[in-house]
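Structure first, then comments.
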There are 2 protein chains.
Amino acid sequence: MKHTPALARLIDALRVLPGVGPKSAQRMAFHLLQDGRDGARALTASLEAALEKVGRCRRCRMLTESEFCFICSTPQRDASLMCVVESPADVVAIEQSGGYRGRYFVLMGHLSPLDGIGPEQLGIREFEASLEEGEIAEVILATNPTVEGEATAHFLSELVRQRGLKATRIAHGVPIGGELEYIDGGTLAHALAGRQSLL
Amino acid sequence: MKHTPALARLIDALRVLPGVGPKSAQRMAFHLLQDGRDGARALTASLEAALEKVGRCRRCRMLTESEFCFICSTPQRDASLMCVVESPADVVAIEQSGGYRGRYFVLMGHLSPLDGIGPEQLGIREFEASLEEGEIAEVILATNPTVEGEATAHFLSELVRQRGLKATRIAHGVPIGGELEYIDGGTLAHALAGRQSLL
């Protein structure tokens, strides 16, 4: 069965959302046009407003509506610590853990030469400018533990060390609450290699 | 961590989509503002166009961009058969099965007095008008096999029978490819009660 043109275009456009395939896109389109019309109007309005207002922090590239993001403009944050992450969602996750008081640097991706994503696209100029400001003592590389994330962390660590600063990587190991039996081999190997002496 | 106002509004607005909770809404918002900006612009444009252009078929209430939907305007369809469904997605599913050549009537919901959804909201006037046109011989009630769907089917079947027309309900039973061992009791009871003699 063929959808009408406007409906087909809407279903197609909804597939830009992460994790939305053809079936969910159809379900969403029907819902928006069926009994979600008010919500649909609110959605277009807020998406347009966000596209216009939300930009990136001049220092850390986090999403923000001002020149500097909320974290960069809080003087209580430890300016000697910089945590490098791949996406704004990682910042939210680390903030929710409550265990970090430094600043961030958001790459908005990872090195991926085949997709044309090199250092330039990850804001390497802002990154180096931050390092040269002289406030930072340690850079925590918190990219994802994937092949691309590891390569990105390695690349950035070189830049950090060249300037005589400390580069660290977040610990990889068995998650809290996890059961050894169900943890993959790579994680277990990391957990063993990274073992720490009990005090 | 608090989101900026425009971002918070966007995350909130995205939750109008079916099956999208706070976490997926955040992920979608970040994706749209991070590297999906072109897609986001296409999404607002197509959603606005769809809201403006897509209305309901005058006869069967299916989503359409003209006065009558694609199915109602195809003369080859059997006008003596009407299949009543809860949503446009059900029409798509039945059309894809390829086993039906009649027309439809889309309720856009089911009876749910607590939510203020009575016969009026389900287009009962258009439904009765269709019955009175004189072309229909059989009404197939294909609402979902839920409590509300059954109640809606029962209510509509009364209206159909009052006019001396045939009202039927789609068969409920074991799905093709299903294993008896894993089918719930209600379905099994239906499958047994609805058994048919082998020819």
Please determine, in degrees from 0 to 90 and to the nearest 10, the orientation of helix A:37-53 with respect to the longest principal axis defined by the Cα atoms of chain A, where the helix direction is its Cα long axis. 40 degrees
Looking only at aspartates and glutamates whose Cα falls under 12 Å of A:LYS2's and that sit 8 or more positions away or on another chain, we get B:GLU95
Quantify, in whole percent, the carbon and sulfur part of the accessible surface of chain B (1.4 Å probe; protein heavy atoms only). 54 percent
Tell me, what is a quarter of the convex hull surface for the C-alpha atoms of the protein assembly as shown, in nm² with one decimal? 28.0 nm²
For the range A:76-169, what does the alpha-carbon gyration tensor say about shape, rounded, prolate or oblate, given a ≥ b ≥ c as the root eigenvalues, a/c under 1.5 as rounded, and a/b over b/c as prolate? oblate
Once the Cα atoms of helix A:88-97 and of chain A are each reduced to a long axis, what angle between those two axes, in degrees from 0 to 90 to the nearest 10, is obtained? 60 degrees
Beta bridges per DSSP with both ends in the protein assembly as shown, % antiparallel, nearest 5: 20 percent
To the nearest 10 degrees, the tilt of helix B:22-34 (Cα long axis) against the first principal axis of the alpha carbons of chain B is 60 degrees
Taking R0 as 45 Å and r as the Cβ-Cβ distance between A:LEU180 and B:ARG101, the FRET efficiency 1/(1 + (r/R0)^6), rounded to the nearest 0.05, comes to 0.15
For the rotation taking B to A, I'd like to know which residue in chain B has the C-beta closest to the axis, plus that distance in Å. B:THR44, 2
Chain A: most fluctuating residue of A:ILE11, A:ILE170, A:ILE94 per GNM, C-alpha cutoff 10 Å: A:ILE11
Here the relative contact order (percent) of the range B:77-169, from C-alpha pairs under 8 Å and at least 6 apart, is 32 percent
In the range B:26-41, which residues give up 30 Å² or more of accessible area once the other protein chains are added, compared with their chain alone (1.4 Å probe)? B:GLN26, B:ARG27, B:MET28, B:PHE30, B:HIS31, B:LEU32, B:LEU33, B:GLN34, B:ARG37
Hits among aspartates and glutamates - C-alpha to C-alpha of B:LYS166 under 13 Å, sequence gap 8 or more where chains match: B:GLU135, B:GLU138, B:GLU158
Loss of accessible area when B meets A, both sides summed, Å² nearest 100, probe 1.4 Å: 4900 Å²
Probe 1.4 Å, accessible area per residue of chain A, Å²: 55 Å²
Report the gain in length on full extension from B:THR74 to B:GLU132: 0.36 nm times residue separation, minus Cα-Cα distance, nm rounded to one decimal. 18.8 nm
What distance in nm separates the simple spin-label points at A:LEU188 and B:SER66, each placed 7 Å from Cα in the Cβ direction? 6.4 nm
Do any GluC sites (Glu not before Pro) in the range A:91-172 lie in a DSSP loop with no more than 16 other beta carbon atoms within 10 Å, and if so, which? A:GLU133, A:GLU135
Antiparallel DSSP beta bridges within chain A, as percent of all bridges there, nearest 5: 20 percent
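The values are calculated or read from the model by the stated rules, or taken from the named source; none is laboratory data. Predicted, not measured: the structure shown is a model, and the values here were computed from it. Note that each Cβ is placed from the backbone with ideal geometry, even for glycine, and that neighbours are counted across all protein chains shown. What goes into the accessible areas is simple: the full protein's heavy atoms, side chains included, and nothing from ligands, DNA or RNA. Shrake-Rupley method; radii C 1.70, N 1.55, O 1.52, S 1.80 Å.
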